[in-house]
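Written out below as structure tokens is the structure these notes cover.
The values are calculated or read from the model by the stated rules, or taken from the named source; none is laboratory data. Only a predicted model underlies this, so the values are computations on that prediction, with no experimental measurement involved. Here the Cβ is made from the backbone with ideal geometry for all residues, glycine too, and neighbour counts use every protein chain on show. Side chains included, ligands, DNA and RNA excluded: accessible areas come from the protein's heavy atoms. Shrake-Rupley method; radii C 1.70, N 1.55, O 1.52, S 1.80 Å.
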Amino acid sequence: MKVIVNTARTFLQGEVCKGGMKLTDKYTEQAAYCQLNPEDAETMGVKDSDNITVKSAGGEVVLKATIAKEIQKGTIMIPLGPWANRIIGSYTFNTGSPYYKGNVGEVEKTDQKVKNVFEIMSLYIK
């Protein structure tokens, strides 16, 4: 399914980061997920806690699906962090900051597993 990808910091994610737990499973839990609109999830056959792949021109990543009625149909929200950075392109259009909102992407259900913080960071060290 084609979607608009938005990213944002969440309160719980900030609590984990500021609490010095960025290298823990709790950080993975708070940053490696994707919020989906319930109607979109139903259309794709995705249930809460299913794994999904999100793809964009910037790359792809596997995330845990979270069904959230607050998310507008046709859009998704991913917490900022190393998982979101896998799909956010690096081009900044001379602004110094990549586009964290309004990126075009695709979402599909997958059997692949969500990488923990060490596994996702190892993708950046090549």
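What to note about this one:
- Over all projection directions, the Cα-based convex hull of the chain averages an area of 7.8 nm².
- Around the amide H of Arg9, modelled in the peptide plane, lie the amide H atoms of Leu80, all under 5 Å away and 5 or more residues distant in sequence or on another chain.
- Counted over the chain, the DSSP beta bridges are approximately 65% antiparallel.
- Environment charge at Val5 (Cβ cut-off 12 Å; Lys +1, Arg +1, Asp -1, Glu -1): +2
- Whole-percent carbon and sulfur share, accessible surface of the chain, 1.4 Å: 53 percent
- The chain, helix-only ellipticity at 222 nm - DSSP H runs n ≥ 4, -39,500 (n - 2.57), divided by all residues, nearest 500: -6000 deg cm²/dmol
- Summed residue charge, Cβ within 12 Å of Gln72's Cβ, Lys/Arg positive, Asp/Glu negative: -1
- Under the convention that each Lys and Arg Cβ holds +1 and each Asp and Glu Cβ holds -1, the size of the dipole of region 22-126 around its Cα centre is about 360 debye.
- Cross-link reach is defined here as a Cα-Cα straight distance under 21 Å, omitting same-chain residues fewer than 8 places apart; for Lys26 the lysines meeting it are Lys18, Lys64, Lys113, Lys115.
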